[in-house]
Structures are given as C-alpha cells and as structure tokens.
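Q: Have a look at the structure that comes next, please.
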Amino acid sequence: MKNKLMAISATAAVSALMLAGCAAPAAEEGSGELVFDVPDVPMLEALGEPEGQVDIIAWSGFVEPAWADTFTEETGCVVNRRVAGTSDEMVQLMRTGDYDLVSASGDASLRLIVGGDVAPINRDLIPNFGDDIVPGMQGQLYDTINGKVYGVPIGRGANILQYNSEVVTETPTSWDIVWEADSPYAGQITAYDAPIYIADAAVYLMYHQPELGIKNPYALDETQLAAAVDLLKQQNGIVAEYWADPVAQITSFVGGTTVAGTSWEILRKLAADDRMQGTLPQEGSTGWSDAWMISSQSDAPNCAYLWMDYTSAAEVNGAIAMNFGMAPANAAFCELNDEAAAHCEEFNALNEEYFENVWYWTTPIEQCLDGRTEVRCTSFQDWTNAWATVKG
Amino acid sequence: MTVTASPSAPAAAKSKPLSTLLYRYRWVRLVGLLSLPLTWLIGLYIVSLALLLVTAFWFIDPFTSKVIPGFTLDNFVLVFSEPAYVTTALRTLGIALAVTLLSAAFAIPLGIFMAKLASPWLRAVLAVAITLPLWAGYLVKILAMRITFTEEGFFNWVMAPFGITGPGFSLFTVVLTLTYLWFPYMALPVYTAIRQIPVNLFDASADLGARGATTIRTVVLPLLWPALLAGSVFTFSLSLGDYIVARFVGGANAQMIGSIIASNINLNPPVAAAFSVIPIAFVVIYLVVTRRTGALERM
C-alpha cells in the first residue's frame, strides 16, 4: 500500500541532504514524494566487541526469556527489558537516552527519526535482514526516510473487529455495527482509547463516504478530521466503554459489558474464551508494523546490532510473532514446519493483498502524507484535542 | 537533642564541641534542622512543579512532539475556549464535590456510633474495618470495583432476583469508587473529633430537652466542622487529580481532568501543563476557603 509515498528515490535523498539545516520539514514540490529534514546521525560502520548488556524498550511479548536467554549465552549480552504500553510512552522513554533499542510502531518511528533520536541502520551488519523479509515491510514510509533505513522489521498485524459470538451470531462483514447509531449492539460497543483511533473512523469514512476524498487515514485535512470526529461522537452514544488497558479490554468482553469492538489478536487469545471471535471487515482496518530501531545515543551499539540480527532470524522472528499473535517479518519462518506454516496462514503473513487493506499506524503530521500540498493536514496535537472532544 | 551540653560545665563543653556549637549559634541549629526537608520541598517538589508549569507557556513541534521554549498563551486559550475541556473541568469538580459529600454523609453517623455507642471491642473491629482497605493497593481496589460492577459481575448477580440491575460503568460508579478509595481519610479525622467531644455535653443537651437529631445538629456538628473540612481537603483534592478510576469504571462519558492531562502529556506537554493549572486552582481556592474557617489547624 501507499506505494506512491514510500519509494524515496536517490534524487530525493540528495535533495534531502541539501535541505539539511532548514528549520521545518519541507515537501518537494510537485513530485508527490515526501522529503523530511532529518538530523544527520552517523550509522555504525563495523561491529566491535559486545558491551555485555543491552537495554530494550519493547511491546509486551517481544522480549521473552525463551529467546533472550539463548541470545545472552551466544553473545554475552545481558538483555534488560522495559515493557511500554503505548507508542507515546516509547518515544518519551527513547528520548531519555537510557535505552539502546525500541520496537517502534509506525506512529512512533517517524517522530523518532525526525527528532534525531534513532540512528540509521547499517544493513551489512545484519545478515538476517535480507531478501526473506516480506516485501510489504521493506522501505515503508515510517522506517525508510530519504533513502536511509532506520528500522529492522519485526512483524505486522491488523486491528481486528472482535465480537462475542454468543450475542453476535453471524460473522460481521462490516465495521458498521460499531459505528452506526442504529447498531443492534448499541450500548455494548468498545473502542480504543487513544487519539490514533481517529484513523479507524477515517478508514470507515474512506469506504462509505468517498466524497470526503480521504486517501490516507493519517492524512486528514480540517474538514476530513471534523467528519471523523462527528462519526466518533456518534459512536460515543453506543459505546459501553473505551479501552486503553489490555486487561480492561479483556474483562470488558469476558464480563459481558461489551460484545463487539476493536481488538488485537493477542487480546482475543489472552481472553481464553471460546465465544470471542475476530474478523477483518470489508472496509479494512488500521494496523501496526513494528521495527527495531537503535538509539542515536546507544552506549551498546554492538549488542544492539547483534540483537537485531538474532531476532531477524527465521526461528526467533517467528517465535516473537507467534507469541504476540502477528504476521512475522521473515518469510522464511513460514517454511520451517507445519506449525509455522499454519501460523503464517492464519495471520496472512505472505498475503500482501490482505495487508493492502490495512493502514499501519503512522504519525499524522501537518505535511500531508498522501502527497497533497495545497492543504495543511492536521497534526497529532490536533488529533489529541479532537479526541478529548469526542469523549466530552 | 542538641541543647544538653551545659555552658557552666567547661569539661563537658570540651568533650562535646558539636553540642556547644549548636547551643551557641541558633542559626546552625536551624540549618541542621531544616536543610534536609527544605532541600526536598524546594529542590525537588517546588522546582519540578515550577518546571512543569513553565512548560505551559512553551511551544510544541507538531511533528516530533518536542517542546520548544518560548512564550505563548495559546495553550491557556485552548484550555478555556474548547467546550469539551471546560465541560470536563466542571464534571471533575462535580465528581470531587460529590465524593466529599458522600464521604461526610457516611463518616458522621459511623463516627458517632463508634465513638459514643459501640462497645470497646466493636469499636476496635470497626476501626480496623475502616483502615483495612488502605492496606490493599490502589489499582487492586479499582479492579475489585470493576469486577463488581461489570455486566455479569457480582452486583448484578446478587441483585438479579430482585429485578435490579446495577449502574454498570458510569459517572455514578466513578463517584462510588472514589468514595470507597478515599473514605478512610474522611472517617478517621471525623471519628477522632467525635471522640474528643465530652460525653457530658450529650447529657447536658439531653437534660435541656434536645432529642438526638437536635443534639447532632446543634452540639456535634459545630464541634465537628473543622474535622469535616480537614477530611474534605483529602477527599476533594485526591478525587480531583484522579483519572485511573474514570478509565476503569467510568464507561464512555466520564472523562476527567486527569484523563486529558494523561493523553496530552506525551504528545503535547504544554497543553497538559496548562490544563494542570485548573485542579491546582480548584485546590488553592478550596484551601483558602477552608483556612478561613480555621480547619487547617486541626489537621
């Protein structure tokens, strides 16, 4: 997806170098390609001696003893894990400079790159970051800027529509049951409690109200944002509760307070309740694509590179993906054994068509991500304010 | 601790030079006594608070969410001009006041019973019962309320035979949960105050022909007023700053001041800082009003 946006050509890279020093991110006129003013951070040229430990900020389930212990045995690098709950928390933590690596989602990565908080990746030092990485996860806008690669892909997934099959007896084909005021499940809906959820409304509008002209749910001008907020306010009337905490979401479904709403595959599994089912409706959905990024202030770059390489190997990358419930970045994993193949099948790891409909979390910025230059798009701050108005 | 050395005993003075020094110079005593708490109060508490508030006048880079020092009043204008923010501030104020009133309504009869009517044994049991929730973690208590009031939860299960369904997750549940959390801070000062009322005042009141309710209204309440206000400072300010309760048992429409600060703190720290001025203002106004009644001396 978003092919127009991502392939940044060599010319763009050169002009980016010339732009370096300008105060604001600048869009290249007419080309439709995005160029950002990124601080010049050097990348690691060659591997040295491992430092003995590495500090990682990760989503829950990404760094587990099952594979981290083997890594420590092989390299002598002790892994210190810090689990973060939101992308915003990750950005804040990375800016302390106390961490070497982060498993950044697309809505955190752009901010980190443009803020100069992360360094470009030297792919030569990561042999496992090769052709096996699925095409849909290479060279995306959020990890490849101005021709430089900043992220080593881990995995991706869609935000699914979860429903209680005891109440919602037929598999929903549309998100309309969580958006429309006349939903048969009004008062029993749950929604994600974060400004980024505005993009979910935009995805729905993109399908049902094409006249609004939304081409990318993360590039909304004032009018489009207002339309999304109106939809969210309408939804507020049928929402039982919003969730930001995974445990709260699970108890909300299992306790019967909600019967349908947005969810992650891992939460559906953790609920350990056969009634809970998930689906990707026709409108598509938002999703996430995560990548390891190395801090520009890392004091253990060698251990960090070793970790990125280690976790990009088919077995380890697959173990992370299976643990979290997402599609692995390394396609070679899918051919390892039957269990791996079944996992890839279930999560559409190799199905690029499926992910065409999935809009990975991206930071909304004033420069329109869909290439429009005649309007100013709304920034994440605008979204945060808008989100407060949704909940009144 | 420091003034034990006697100036009339030179031998003792020689053997305890520190004590002598402290005795001779008053300012050394003061510095020794206050340097640690003042470092804490000014260095850590006030300065960090001031740093936060200064951010309210700064700018934000809309792309990277990094703060840029400068001077603007836009953040305050936004906070006061956005209807959703104003509604949220008023809602939070209402919640805090409701929690305070509810706590007081529970604390007064309970305090009278414990202090004047209950046997010593029952009094001890009740005192333990009031303070026991303080032993459990804050989040544990909130999750306990969440499980109680969920759709298929304890409340609905118990009440089902009577055809009653619970409030679910709503503003009412938020008030109830906050009351549950902060009740001990109201109950203890009120109970202590009632214990200090001499029993013979009750007798005198009865002798003069007052019934129970009249005694409470004309004798107990006036003596209780400072304790109630002292307790209310806790219930009010603690409720004002909370947002976890709203998140876990608030349902769809219980956004509080803290919720907005929390969602802005990473993406837009200046707006979060500007908004944090509102609860500070509420509490300061409340404290000033309370101070005029003399209640703070009783805390």
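Q: Mind counting the residues in segment B:257-285 that are at the interface with chain A (Cβ under 10 Å from one of its Cβ atoms), within 26 Å of B:Ile46 (Cβ to Cβ) and in contact with an Asp or Glu (Cβ under 7 Å, 6 or more places away or on another chain)?
A: Going through segment B:257-285 one residue at a time, the tally reaches 1.
Q: I'm told A:Leu369 meets every condition in (1) away from chain B (no Cβ under 14 Å); (2) crowded, with 19+ Cβ neighbours inside 10 Å except one. Can you identify the failing condition by its number?
A: (1)
Yes/no per residue for (1) farther than 26 Å from A:Leu47 by Cβ; (2) in contact with a helix residue (DSSP H, G or I) (Cβ under 7 Å, 6 or more places away or on another chain):
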{"residue": "A:Met94", "(1), (2)": "no, yes"}
{"residue": "A:Asp98", "(1), (2)": "no, no"}
{"residue": "A:Ser105", "(1), (2)": "yes, yes"}
{"residue": "A:Arg111", "(1), (2)": "yes, yes"}
{"residue": "A:Ala119", "(1), (2)": "no, no"}
{"residue": "A:Asn122", "(1), (2)": "no, no"}
{"residue": "A:Met137", "(1), (2)": "no, no"}
{"residue": "A:Asp143", "(1), (2)": "no, yes"}
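Q: Considering segment A:354-366 alone, what residues qualify as being part of a loop (DSSP other than H, G, I, E, B) and more than 10 Å from chain B (Cβ to nearest Cβ)?
A: Those that are part of a loop (DSSP other than H, G, I, E, B) and more than 10 Å from chain B (Cβ to nearest Cβ): A:Asn357, A:Trp361, A:Thr362.
Q: Restricting segment A:62-102 to residues that are at pLDDT 90 or above and in a strand (DSSP E or B), which is nearest to B:Lys66 (Cα to Cα)?
A: That would be A:Val102.
Q: Of all residues in segment A:249-284, which are open to solvent by less than 10 Å² (accessible area, probe 1.4 Å) and not in a loop (DSSP other than H, G, I, E, B)?
A: Selection gives A:Gln249, A:Ser252, A:Phe253, A:Ala260, A:Gly261, A:Thr262, A:Ser263, A:Leu267, A:Met276.
Q: Scan segment A:11-22 and tell me whether some residue there is within 14 Å of chain B (Cβ to nearest Cβ) and at pLDDT below 75.
A: Scanning segment A:11-22 turns up at least one residue that is within 14 Å of chain B (Cβ to nearest Cβ) and at pLDDT below 75.
Q: Of all residues in segment A:223-244, how many are within 7 Å of chain B (Cβ to nearest Cβ) and under 24 Å from the mean Cα position of the chain (by Cα)?
A: 3
Q: Now, a different point. Just to be sure before I move on: is A:Pro301 open to solvent by 10 Å² or more (accessible area, probe 1.4 Å), more than 14 Å from chain B (Cβ to nearest Cβ) and more than 17 Å from A:Val134 (Cβ to Cβ) in the structure I sent?
A: yes
Q: Testing B:Tyr243 on (1) more than 14 Å from every other protein chain (Cβ to nearest Cβ); (2) without any contact (Cβ under 8 Å) to a residue 60 or more places away in the chain; (3) open to solvent by 50 Å² or more (accessible area, probe 1.4 Å), one condition comes back false. Which one is that?
A: Every condition holds for B:Tyr243 apart from (1).
Q: Given (1) within 23 Å of A:Ser379 (Cβ to Cβ); (2) of a type in the set (A, V, I, L, M); (3) within 30 Å of the chain's Cα centre (by Cα), where does B:Ile68 come up short, assuming only one miss?
A: Going through (1) within 23 Å of A:Ser379 (Cβ to Cβ); (2) of a type in the set (A, V, I, L, M); (3) within 30 Å of the chain's Cα centre (by Cα) one by one, B:Ile68 breaks only (3).
Q: Would you point out which residue out of B:Val99, B:Val77 is more than 11 Å from chain A (Cβ to nearest Cβ) and open to solvent by 60 Å² or more (accessible area, probe 1.4 Å)?
A: Criteria check complete, one pass: B:Val77.
Q: Quick one: is B:Ala204 among the aliphatic types (A, V, I, L, M) and either in contact with a Lys or Arg (Cβ under 9 Å, 6 or more places away or on another chain) or within 14 Å of chain A (Cβ to nearest Cβ) (or both)?
A: No, not satisfied.
Q: Does A:Ile214 satisfy being closer than 17 Å to A:Ser285 by Cα and within 14 Å of chain B (Cβ to nearest Cβ)?
A: no
Q: Kindly state which helices (runs of 4 or more DSSP H) lie completely within segment B:147-231 and contain at least 3 residues that are free of Cβ contacts under 8 Å to residues at least 12 places away in the same chain and open to solvent by less than 70 Å² (accessible area, probe 1.4 Å).
A: Filter on segment B:147-231 gives B:154-159.
Q: Filter segment A:372-392 down to the residues that are touching a residue at least 60 places away in the same chain (Cβ under 8 Å) and among the polar types (S, T, N, Q), then identify the one that is farthest from the other protein chains (Cβ to nearest Cβ).
A: Checked segment A:372-392; the qualifying residue farthest from the other protein chains (Cβ to nearest Cβ) is A:Thr373.
Q: Return yes or no: is A:Ala104 away from every other protein chain (no Cβ under 14 Å), of a type in the set (A, V, I, L, M) and either in contact with a Ser or Thr (Cβ under 7 Å, 6 or more places away or on another chain) or in contact (Cβ under 8 Å) with a residue 60 or more places away in the chain (or both)?
A: It is false that A:Ala104 is away from every other protein chain (no Cβ under 14 Å), of a type in the set (A, V, I, L, M) and either in contact with a Ser or Thr (Cβ under 7 Å, 6 or more places away or on another chain) or in contact (Cβ under 8 Å) with a residue 60 or more places away in the chain (or both).
Q: A further question on this structure: Assess whether B:Leu143 counts as being surrounded by fewer than 19 Cβ atoms within 10 Å (Cβ to Cβ), under 19 Å from B:Gly250 (Cβ atoms) and touching a residue at least 40 places away in the same chain (Cβ under 8 Å).
A: Against the criterion (surrounded by fewer than 19 Cβ atoms within 10 Å (Cβ to Cβ), under 19 Å from B:Gly250 (Cβ atoms) and touching a residue at least 40 places away in the same chain (Cβ under 8 Å)), B:Leu143 qualifies.
The values are calculated or read from the model by the stated rules, or taken from the named source; none is laboratory data. All figures in this text were calculated on a predicted structure; none of them were measured in a lab. Please note: Cβ atoms are built from the backbone with ideal geometry, for glycine as well, and neighbour counts cover all protein chains shown. When the accessible area is computed, the model is the full protein with side chains, heavy atoms only, and any ligands, DNA or RNA have been set aside. Shrake-Rupley method; radii C 1.70, N 1.55, O 1.52, S 1.80 Å.
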